[in-house]
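Nothing in this text is a laboratory measurement; each read-out follows from the coordinates by a stated rule. All figures in this text were calculated on a predicted structure; none of them were measured in a lab. Positions of Cβ are backbone-derived with ideal geometry, glycine not excepted, and every protein chain shown enters the neighbour counts.
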Amino acid sequence: MTIKKFMFVNRKAPYGTIYALESLEVVLIGAAFEQDVSMAFTDDGVYQLKKGQNTKAIGIKGFEKTYGALEDYDVTKLYVDQESLTARGLTAEDLCVPVEVVSRAELGKHMEAQDVVLSF
Amino acid sequence: MTIKKFMFVNRKAPYGTIYALESLEVVLIGAAFEQDVSMAFTDDGVYQLKKGQNTKAIGIKGFEKTYGALEDYDVTKLYVDQESLTARGLTAEDLCVPVEVVSRAELGKHMEAQDVVLSF
Amino acid sequence: MIFSILVNEGPYQHQASDTAFNFAKTVLSKGHTIFRVFFYHDGVNNGTRLTTPPQDDRNVIAKWTKLAQDSELDMVVCVAAAQRRGIVDEGEAKRNGKDATNLAPGFRISGLGQLIEAGIQSDRIVTFGD
Amino acid sequence: MIFSILVNEGPYQHQASDTAFNFAKTVLSKGHTIFRVFFYHDGVNNGTRLTTPPQDDRNVIAKWTKLAQDSELDMVVCVAAAQRRGIVDEGEAKRNGKDATNLAPGFRISGLGQLIEAGIQSDRIVTFGD
Amino acid sequence: MLNIINKTPWDRPALDAALQCADGGSILLIEDGVYAATRGSASEARLKDAMGRLKIYALGPDLEARGVADRLTEGVTVVGYDGFVDLVAENKTCQSWL
Amino acid sequence: MLNIINKTPWDRPALDAALQCADGGSILLIEDGVYAATRGSASEARLKDAMGRLKIYALGPDLEARGVADRLTEGVTVVGYDGFVDLVAENKTCQSWL
């Protein structure tokens, strides 16, 4: 099968909208199809990776653990925008998985290198 | 029947989303119920009143004319936020109906005077 | 005190319906009254009985239906918004020549006047949306 | 050139489906091929046959159905997203014990793999959403 | 008036609009709006400035869901759904800045 | 890359994010995104700054729908759906900044 470079760009916070969760579902299918998958987190998307999510009191299924399982699907290229982290008072230590923190310019270069970019 | 002061706050541009149109539908019903109706336009909501809309090429029904018909329903209190106009390079002359241009502080005072505020 | 609630977005895509539900339940548990829950815009999509959410997630629609039945809540889906989005009861199906219905138990379809009436009759009206 | 199109929002609430439709029509009129139109998130709500929009407005769903039939378009509604939102065909109704269906002609329900496949098989994939 | 905000200040101008229009009353942050009440973020100063004129609340269940309950900006009061209902009851009107 | 923006720069950070990430290529403004290409608005300077590195396009039908086709910022190229399809074809990839 053809292998393409797929990047999934996440720009929205979790739980307020479903995009983060349904984006993850696409990422896992992309990995199952053995594509070359990477994920970018920028703007409010960096909040998806914030450690310590507990959704019990809002009655919605949490999915922080799914990010931890991405490695099992060989999804290891997670790029996080430095500027978005800083504006939100976050650092890489606040995140639930190991990531590569990059500048917006570097993120743009990764985007340019893709065959398919899907933004959620 | 009890008469209450209803304010409809419009903060979204037309056509990109349906809120502007479906907000107008509520306003007209509010007027039909003979309530004391006013409308506020702030942030991207000021774009709703921009003169010269022609939706033919996007295939969506235009509704600029409906703002012109509001007067027939005795909806004459239209407040437009000065700051939002200025940021978008607009003045009252660009709008399709006569309005009262107000500061954000004045808009806030009008909001405080309401019984019901619905924001779209 | 008499509350009404306006829900402007559909289930799952936005948190609006979940928050509105939690709010409504709390209003009732504190001894207040809910005059009406009105579903407008994509909020009408909360009124379909055809959803089958994943087993490990909540069923937003079933929660509303149960609350309506347990607490005699008046839950109204706006007819104009419902026609645009395909939410249909038997009367609407007959009127518009549709071969199926999908309105969930506990909901009824009616006009926008019901929202204005809710504003008039209630001490407070709270909107949940995008 | 081979295109695919991803539609992430439902009809009327957002312009996404209208823009996607105009785009799709133009792609075909210019002699390109469309491998697939995939409906995800609230985009699955484009696949209901139960809508009755106002007579002076466009019928977004009917436009898609006609385009599919005229041009043999493959229009796929994501099954997981459809289950959350109550878009059902006969197979889904049987599997999940639903008493009605609402899928519009020209659409079919299938898995997310169809979106990845569209990405692999197409030269370009364009997303329309909120 | 109770001003309800459900989006982050980076994603939407709702919080800024409410802060500029409201002369008194309260702001309640819910859903994605609660991120505005977190320490060290670029919106913290705006919120602190507003505290002289406005009471600021954030919905606890939404803070917990997002893993930010332990980094609340000083001066913000956390409420549950109970407190949310009370705030609506205590204020003559409320407005959701959608 | 073709960067597609469908929101105003006041409502969402999408245009800013695209302008900061993109080193070359094109920006296409569609739907509510077209307002960013209007004269005299607070976003005009940002767009003009970017024109050295990026080509900026706006979708004509969306400009007309919103009554702003006659106040286009200088240097922005108007395209129809035809031109939209051509832009997608000419660029190796495209990204909708949703």
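Once amide H atoms are placed 1.01 Å from N in the peptide plane, what residues at a sequence separation of 5 or more from residue C:58, or on another chain, have their amide H within under 5 Å of its amide H?
Amide H neighbours of residue C:58, under 5 Å, 5+ apart: A:61.
How much net charge surrounds residue C:93 when only the other residues with a Cβ under 12 Å from the Cβ of residue C:93 are counted, with Lys and Arg +1 and Asp and Glu -1? Please list the in-between numbers first.
Values: positive: C:94, C:95, C:98, D:49; negative: C:89, C:90, C:92, C:99.
Net charge around residue C:93: 0.
So, with +1 on the Cβ of K and R and -1 on the Cβ of D and E, and no other charges, what is the size of the charge dipole of chain E about its Cα centre, to the nearest 20 debye?
Roughly 240 debye, rounded to the nearest 20.
Using per-residue counts of other Cβ atoms within 10 Å, averaged over each peptide, order C:103-112, F:33-42 from highest down.
Those peptides, ordered most packed to least, come out F:33-42, C:103-112.
For the charge dipole of chain B, defined by +1 on Lys and Arg C-beta atoms and -1 on Asp and Glu C-beta atoms about the Cα centroid, which residue among B:116, B:55, B:80 has the Cα displaced farthest towards the positive pole?
Checking the options against the dipole of chain B, the answer is B:55.
Averaged across D:30-36, how many Cβ atoms of other chains sit within 10 Å of each residue's Cβ atom?
That works out to 1 on average.
Considering only the protein assembly as shown, what is the antiparallel percent among its DSSP beta bridges, to the nearest 5?
Working: 8 of 108 bridges.
The antiparallel proportion sits near 5 percent.
Take every DSSP beta bridge whose two residues both sit in the stretch E:2-97, then give the antiparallel share in percent to the nearest 5.
5 percent
Hey, got the average number of other protein chain Cβ atoms within 10 angstrom for residues in E:68-75?
Per-residue shielding by partner chains comes out at 2.
Got a sec? Charge dipole of the stretch E:2-97, +1 on Cβ for Lys and Arg, -1 for Asp and Glu; which of E:60, E:72, E:14 is way out at the positive end?
The Cα lying farthest towards the positive end belongs to E:14.
Fewest first, what order do A:2, B:91 take by the number of other Cβ atoms within 10 Å?
Exposure proxy ranking, most exposed first: A:2, B:91.
Rounded to the nearest 500, what is the protein assembly as shown's calculated 222 nm mean residue ellipticity when only DSSP H runs of at least 4 contribute -39500 (n - 2.57) each, over all residues?
Numbers: 26 runs with 230 residues, N = 696.
So the calculated ellipticity at 222 nm is -9500 deg cm²/dmol.
Return the Rg/Rh value of the stretch B:5-119, two decimal places, where both radii are evaluated on C-alpha atoms and Rh is the Kirkwood radius.
My calculation puts Rg/Rh at 0.94.
I'd like the distance separating the alpha-carbon centroids of the stretch D:1-48 and the stretch A:86-107, in whole Å.
34 Å
How high is the relative contact order of the stretch A:5-119? Use alpha-carbon pairs under 8 Å, at least six apart in sequence, and give a whole percent.
Rounded, it is 34 percent for the stretch A:5-119.
Given the convex hull over the Cα atoms of chain F, what projected area results after averaging over all orientations, in nm²?
5.4 nm²
What's the average, rounded to a whole number, of partner chain beta-carbon atoms within 10 Å of each residue's beta-carbon in B:17-28?
Per-residue shielding by partner chains comes out at 5.
Taking the mean number of other Cβ atoms within 10 Å as a proxy for protection, how do you rank A:39-46, A:50-57 from highest to lowest? If you can, show how the numbers build up before the last one.
On the way: A:39-46: 25.1, A:50-57: 16.1.
The densest-packed peptide leads the list: A:39-46, A:50-57.
When only C-alpha pairs under 8 Å and at least 6 residues apart count, what is the relative contact order of chain C, in percent?
Working: 243 pairs, mean separation 47.3, N = 130.
Computed over chain C, the figure is 36 percent.
Rank C:18, C:70, C:56 by mean-square fluctuation in a GNM of chain C with C-alpha springs under 10 angstrom and give only the top-ranked residue.
Among C:18, C:70, C:56, the largest GNM mean-square fluctuation belongs to C:56.
Would you look at the GNM of chain B, springs on alpha carbons closer than 10 Å, and say which of B:62, B:89, B:30 moves the most?
B:89
Determine the percent antiparallel among the DSSP beta bridges restricted to chain D, to the nearest 5.
Around 5 percent antiparallel, to the nearest 5.
Please give the net charge around residue E:19, taking every other residue with its beta carbon less than 12 angstrom from that of residue E:19, where Lys and Arg add +1 and Asp and Glu add -1.
+1
Would you please put F:72-81, E:59-68 in order of how densely packed they are, using the mean number of other Cβ atoms within 10 angstrom per residue and starting with the highest?
On the way: F:72-81: 16.5, E:59-68: 24.6.
With the highest mean Cβ count within 10 Å placed first, the list reads E:59-68, F:72-81.
Which entries in the list A:77/F:48; B:4/B:51; A:61/C:66 go over 28 Å, if you measure between the two C-alpha atoms of each?
Over 28 Å Cα-Cα: A:77/F:48; B:4/B:51.
For the protein assembly as shown, what does the alpha-carbon gyration tensor say about shape, rounded, prolate or oblate, given a ≥ b ≥ c as the root eigenvalues, a/c under 1.5 as rounded, and a/b over b/c as prolate?
Details: a/c = 1.21, a/b = 1.18, b/c = 1.03.
In terms of gyration-tensor shape, rounded.
Sort the stretch C:2-128 into rounded, prolate or oblate with this rule: let a ≥ b ≥ c be the square roots of the eigenvalues of the Cα gyration tensor; rounded if a/c is under 1.5, and if a/c is not under 1.5, prolate when a/b is larger than b/c, oblate otherwise.
oblate
Which one of D:19, D:119, D:62 is farthest out on the positive end of the charge dipole of chain D, using unit charges on Cβ (Lys, Arg +1; Asp, Glu -1) and the Cα centre as origin?
D:119
About the Cα centre, and with charges only on the beta carbon of Lys, Arg (+1) and Asp, Glu (-1), how big is the dipole of chain A? Nearest 20 debye, please.
With only Lys, Arg, Asp and Glu charged at Cβ, the dipole is about 360 debye.
What size of dipole, in debye to the nearest 20, comes out for chain C about its Cα centre when the only charges are +1 on Lys and Arg C-beta atoms and -1 on Asp and Glu C-beta atoms?
Values: 14 positive and 15 negative charges, 25 e Å.
My answer is approximately 120 debye.
Express the relative contact order of the stretch E:2-97 as a whole percentage, based on alpha carbon pairs under 8 Å and six or more residues apart in sequence.
The value is 34 percent.
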